[in-house]
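Read through the structure below, which is laid out as structure tokens, and then see the notes.
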Amino acid sequence: MSNDNKNKDINAQIDEIINEVRRSSQGDQNKPTAADTNSQAESKPEEEFIDISGAVGSMSQDSSGSASPKSEKELKKEQKQAEKKAQKEKKLANKQETRQPAQKEASVQNGVEAVASSTNGEKITDEVDKIISQIRDEFQQNGSSVGATSEPTAKQTAAGKKSGMKRGLLVAGVVGAVALLGGSFAAALALNPQAVPTAAPIPQVAAVSNGEPTEFVFAKGISIEGIDIGGKNQKEAKALIKVKESDFKDEFSVNVNYGDGEKLTFTQDDFSYTYNTDEVFEQAMQYSRDVTSAILDGTIDELAAPQGSNVTVDNENGIVDFSVSCIVGDSAIEKVVNRSAGELDKEAVEPHATEYNPDADSFEKMFTWAEGENGTVVDRDALTADLKELFKDGAVSGDVTVQTVTQKPKHTMDEVKNNVQLIGRFSTVSTNTANATSNMATAFAAIDGLIVDPGDNFSFNECTGDSNLTENGYLPASVIENEQYVSGIGGGICQASTTIYNAGIMAGMEIVERYNHFYTSIYVYGGLDATIDYGNLDLKMKNTTDYQIFFHTWMEGVTLYCEIYGWQSPEWDEVRTETECSWVGDESFGFEAERVYYKDGKEVKREELPSSVYSLKNGHYVVAGDPGDESTKIENPKANLKLNTKSNDNKNQSSSSSSQ
């Protein structure tokens, strides 16, 4: 028999006996016996108060099963005891009425269900059956003893009083049975806490004295992703679920198919997720409320399991589990699409130069050209849509097939050739030692003819190689070490890097990496130098255009020249620099620098360049800044791509004594 059926049988038996007692009492009152009439004539009737424990303890059985009669003195004594008992019970009842009705109803319902669902409950049910059986026997014996004569004898009079006593005992017996059920539930709960039904709500803390409602807690048996949240409040449950959220994702894999049976495979670890934890949390809360309401309403047997594809009901163990969905976000899909495209794209090849020979005697001979080629690239929009469709109901395994599109070059060969022009130039004069000047020439020779493709960086150290090695052609010359000028391999090449740095500024290249010297350099304005230390300090500049950039570097005597060719932006036709000393301290001072763009002689924009800090030690002093008041505009950038005779067109140069 199930626990629910046991509950119904117990309740039905109790209700049946109570109704029998009520009908018997009403029948006896409506049809008084002769003994009752005679008793009323002799004395004023008194209200009966029954002391349940005293009455049950004083009652004995003879051989025939009937109770032996008691004297008038004993009866009066029992009546007084009953009165005192009734007064105590009345006071206790008044106190109990102050309890919240909902708590009373839930406690009784939980008690009955707990007793019925436990092993201890089965034993208690047997005891209740015995009590009810005894009550029924007493009722039958009492009914058969009612006299039919109108002239009661003394024996009948005593029997009438005894009948009243038994009616009281019948009522007391029923009350005792219910009390026994309640007390047994408490004992069973103390000995076996698992006797509480899994669908029942966890007992809540009693309401505070100011009347505020008790705090919500989840019903026992409710879990999310297998994590038990029964008996926990909202804050505790949510914290427990959130900390485990990253563990909710299932293992899965996605194959991105391409070509002839080839594929890229991505697993759950290649994606990032969002979780519908809040939505599931509300779902579990609502079901917990439904359970509590059904228990209070007495409709728990009619309560249906919660609906949803994420709900799992374990009837055997009384557990309802709610699962959380892992949602693959758009950003995660975008990353996988980009990774796929990075692996599979065959970009179109732009028309380009494969070689640049600045010493050729004509433009046509300076460059070796290669035609552009079509490419095949992943259709990113289509792949994105396919992945979103796969994951629309959550993260699952599956296959998608790459669609490709043909990518054509952005530019024609004529466009590429026509956009080669002089876009930046700079020169300085060396007054350093012969070895230092030789090192400058060696560095320039390594850079001359360099091609920097769109999006790539120019790196001084990558071009020159290790400038600290004599086998690379570098000689000993003055270098700065530990704030002092000492002899070192490759001294002097910083003037070569400074010359290229300023030409790159004029060409509009992005400055990626640049460092200033410990002391200022006299061959350039303050704030515009660029020092080099192979393996530590480098000069890097980026080609941010869609066209190749070409470097032409050379020396004539002690003059260093750098010319940069490429695409000229239509937004400006001239670039100048402005620098100034921004602060002076006891041992150092600082310089700020800016690049200023002009169009037809008018400033169109300016941007900051890397700042500098120089030392004032060992007799060094604050130097002048670049006022930016002289034009650097290249009047005829295509007049002669190969300039055999170099003039000092850039006035941002100076000649002075030896320097690093």
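The values are calculated or read from the model by the stated rules, or taken from the named source; none is laboratory data. What you see is a predicted model; the values in this text were computed from it and never measured. Note that we place each Cβ from the backbone using ideal geometry, even for glycine, and neighbour counts take in every protein chain shown. All accessible areas refer to the heavy atoms of the entire protein, side chains included, with ligands and DNA or RNA removed. Shrake-Rupley method; radii C 1.70, N 1.55, O 1.52, S 1.80 Å.
Identify all residues within the stretch 575-600 that are among the hydroxyl-bearing types (Ser, Thr, Tyr) and surrounded by fewer than 16 Cβ atoms within 10 Å (Cβ to Cβ); write none if there are none. Once the filter is applied, which keeps residues that are among the hydroxyl-bearing types (Ser, Thr, Tyr) and surrounded by fewer than 16 Cβ atoms within 10 Å (Cβ to Cβ), the stretch 575-600 yields Ser582, Ser588. The numbered conditions (1) over 29 Å from Glu635 (Cβ atoms); (2) in contact with a strand residue (DSSP E or B) (Cβ under 8 Å, 6 or more places away or on another chain); (3) not hydrophobic (A, V, I, L, M, F, W, C) are all true for Tyr534 except (2).
Out of Asp314, Asp301, one residue alone is without any contact (Cβ under 8 Å) to a residue 40 or more places away in the chain, open to solvent by 40 Å² or more (accessible area, probe 1.4 Å) and of a type in the set (Asp, Glu). It is Asp314.
Yes/no per residue for (1) among the aliphatic types (A, V, I, L, M); (2) at pLDDT 80 or above:
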site: Glu607; (1), (2): no, yes
site: Ser612; (1), (2): no, yes
site: Leu616; (1), (2): yes, yes
site: Tyr621; (1), (2): no, yes
site: Pro627; (1), (2): no, yes
site: Thr645; (1), (2): no, no
site: Lys651; (1), (2): no, no
site: Ser654; (1), (2): no, no
site: Ser658; (1), (2): no, no
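The set of residues from the stretch 227-244 being over 19 Å from the mean Cα position of the chain (by Cα) and either under 26 Å from Gln403 (Cβ atoms) or open to solvent by 60 Å² or more (accessible area, probe 1.4 Å) (or both) comprises Asp228, Lys232.
Only one of Asp247, Asp260 is open to solvent by 80 Å² or more (accessible area, probe 1.4 Å) and over 26 Å from Val328 (Cβ atoms). Can you tell me which? Result: Asp260 is the single residue among Asp247, Asp260 that is open to solvent by 80 Å² or more (accessible area, probe 1.4 Å) and over 26 Å from Val328 (Cβ atoms).
Determine whether the stretch 407-415 contains at least one residue that is among the β-branched types (Val, Ile, Thr) and surrounded by 20 or more Cβ atoms within 10 Å (Cβ to Cβ). Step through it out loud before you land on a result.
The first filter runs over the stretch 407-415 and keeps only residues among the β-branched types (Val, Ile, Thr), leaving 412.
Keeping just the survivors that are surrounded by 20 or more Cβ atoms within 10 Å (Cβ to Cβ) gives none.
No, the conditions are met nowhere in the stretch 407-415.
Contact annotation: residue pairs with Cβ atoms under 9 Å, 6 or more positions apart or on different chains, pairing a residue in the stretch 318-333 that is farther than 30 Å from Val291 by Cβ with a partner that is part of a helix (DSSP H, G or I) and open to solvent by 10 Å² or more (accessible area, probe 1.4 Å), are Val328/Lys388; Val328/Leu390; Asp330/Thr384; Asp330/Lys388; Ala332/Asp270; Ile333/Thr384; Ile333/Lys388. State yes or no: is Tyr525 aromatic (Phe, Trp, Tyr) and open to solvent by 10 Å² or more (accessible area, probe 1.4 Å)? Yes; evaluated as a whole, the condition is true for this residue. Return the residues of the stretch 266-290 that are over 16 Å from Gln234 (Cα atoms) and either touching a residue at least 60 places away in the same chain (Cβ under 8 Å) or β-branched (Val, Ile, Thr) (or both); say none if nothing qualifies. Of everything in the stretch 266-290, those that are over 16 Å from Gln234 (Cα atoms) and either touching a residue at least 60 places away in the same chain (Cβ under 8 Å) or β-branched (Val, Ile, Thr) (or both) turn out to be Phe266, Thr267, Gln268, Asp270, Phe271, Ser272, Tyr273, Thr274. For the stretch 528-537, give me each residue that is open to solvent by 10 Å² or more (accessible area, probe 1.4 Å), in contact (Cβ under 8 Å) with a residue 60 or more places away in the chain and under 12 Å from Cys494 (Cβ atoms). Selection gives Thr531, Ile532, Tyr534. Taking Asp529, is it acidic (Asp, Glu) and more than 47 Å from the chain's Cα centre (by Cα)? Against the criterion (acidic (Asp, Glu) and more than 47 Å from the chain's Cα centre (by Cα)), Asp529 qualifies.
Could you grab me the full set of residues in the stretch 438-485 that are assigned to a loop (DSSP other than H, G, I, E, B) and either aromatic (Phe, Trp, Tyr) or within 20 Å of Tyr565 (Cα to Cα) (or both)? Within the stretch 438-485, Asp448, Gly449, Leu450, Asp453, Pro454, Gly455, Asp456, Tyr474 qualify. Pairing residues of the stretch 218-245 that are within 17 Å of Val324 (Cβ to Cβ) and of a type in the set (Gly, Ala, Ser) with residues that are in a helix (DSSP H, G or I) and open to solvent by less than 60 Å² (accessible area, probe 1.4 Å), at Cβ distances under 9 Å and at least 6 apart in sequence or on separate chains, gives Ser223/Ala284; Ala237/Phe281; Ala237/Ala284; Ala237/Met285. I'd like the residue in the stretch 482-519 that is over 52 Å from the mean Cα position of the chain (by Cα) and open to solvent by less than 40 Å² (accessible area, probe 1.4 Å) and, out of all such residues, is nearest to Pro637 (Cα to Cα). Per the criteria, the residue is Ala496.
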